[in-house]
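A short reminder: the numbers here are calculations on the coordinates, not readings from a lab. Predicted model only: the values in this text are computed from it and were never measured. Note that we place each Cβ from the backbone using ideal geometry, even for glycine, and neighbour counts take in every protein chain shown.
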Amino acid sequence: MLSRERSSLAVNERGVSLVELLVGLVVGSLIVAGAITVFAKISFSGLENVRMVRLNEQLRSTLGTIRREIQRAGYVDAWPAGATEIGDLLSDQMSSFGFIQLGGNCADSDGDGADECDCITYSYDVLEDGDYGFTDMFAFQLNDSAVERDTNMAVCPGGVMLGSGWQAITDDEVIIDVLTFELDPDSTIVELNDGVGNDDGTCESGEACLARRKINVVLEGSLAADSDFTIHLRDEIKVKNDHYYTMP
């Protein structure tokens, strides 16, 4: 009887065989490998999302700066001291501040009859003194994979050679592949009915005119660390201030 009990205990206390141990190790390795794979995918996906958010924020911030600036084009404090009537406006200053010029590398790549250029020059009365000068001239351009802004003597075309205050507004983490400006074909020029000329609504030489403009901007960039991350943005910017001038 005692011998049988000892035999039963010996069977119950038997350890794991080599085959069972190997099978357990294989199963455990597969589970760990699966867990590591899932963790790696989650981590990589999170990194991708962070990169995309960073790129999106950078490009949208840059486009927002461009939008706010272009919308200010043509602003001028053209009321001299003591002025009370429209006729007292400083028309020469209004004409000077209203221009918008596209330049640099230009081409009609979309076939709509309007060139897309990688540089834009504009001006507004930054000091609100009605006095037009170099400090009132501004520009944006694409140069060496960066968006640059000039705040002094800015002129297109020519970019870097004709400006003296070019500074990058995008950082080294982002590569700008495309920056174009296009005068929207729907922009209009109308004649002012001021008694000068034939007042037929068509702006002709010597007549006072108003240009109502919209600028189409395309901005495309990628991450310097991974060019596979690319974002394409497009904006239609309505210039708030019409350009008052006399047709040459």
Query raised in the report: Hey, got the dipole for the range 47-246? About the Cα centre, +1 on K and R Cβ, -1 on D and E Cβ, debye to the nearest 20?
Result: 520
Report summary line: Treating every alpha carbon of the range 47-246 as one equal point scatterer without solvent, the Debye formula yields log10 I(q)/I(0) values at q = 0.15 Å⁻¹ of -0.95
Query raised in the report: Most exposed first by the Cβ proxy, i.e. fewest other Cβ within 10 Å, how do LEU179, LEU210 rank?
Result: LEU210, LEU179
Query raised in the report: If each of ASN105 and SER227 carries a label point 7 Å out from its Cα toward its Cβ, how far apart are those two points in nm?
Result: 1.4
Query - Förster radius 45 Å - calculated FRET efficiency between ALA33 and MET153 (Cβ-Cβ, nearest 0.05) - result: 0.10
Query raised in the report: What GluC sites (Glu not before Pro) does the range 165-248 have in DSSP loop regions with at most 14 other beta carbons within 10 Å?
Result: GLU173, GLU204
**Report entry** Fewest-first ranking of SER96, SER29, SER123, SER145, using other Cβ atoms within 10 Å as the exposure measure
**Finding:** SER29, SER145, SER96, SER123
Report summary line: Lys and Arg at +1, Asp and Glu at -1: neighbours of GLU173 with Cβ under 13 Å from its Cβ sum to -2
Query - Residue order, fewest to most surrounding Cβ atoms within 10 angstrom, among VAL178, VAL32 - result: VAL32, VAL178
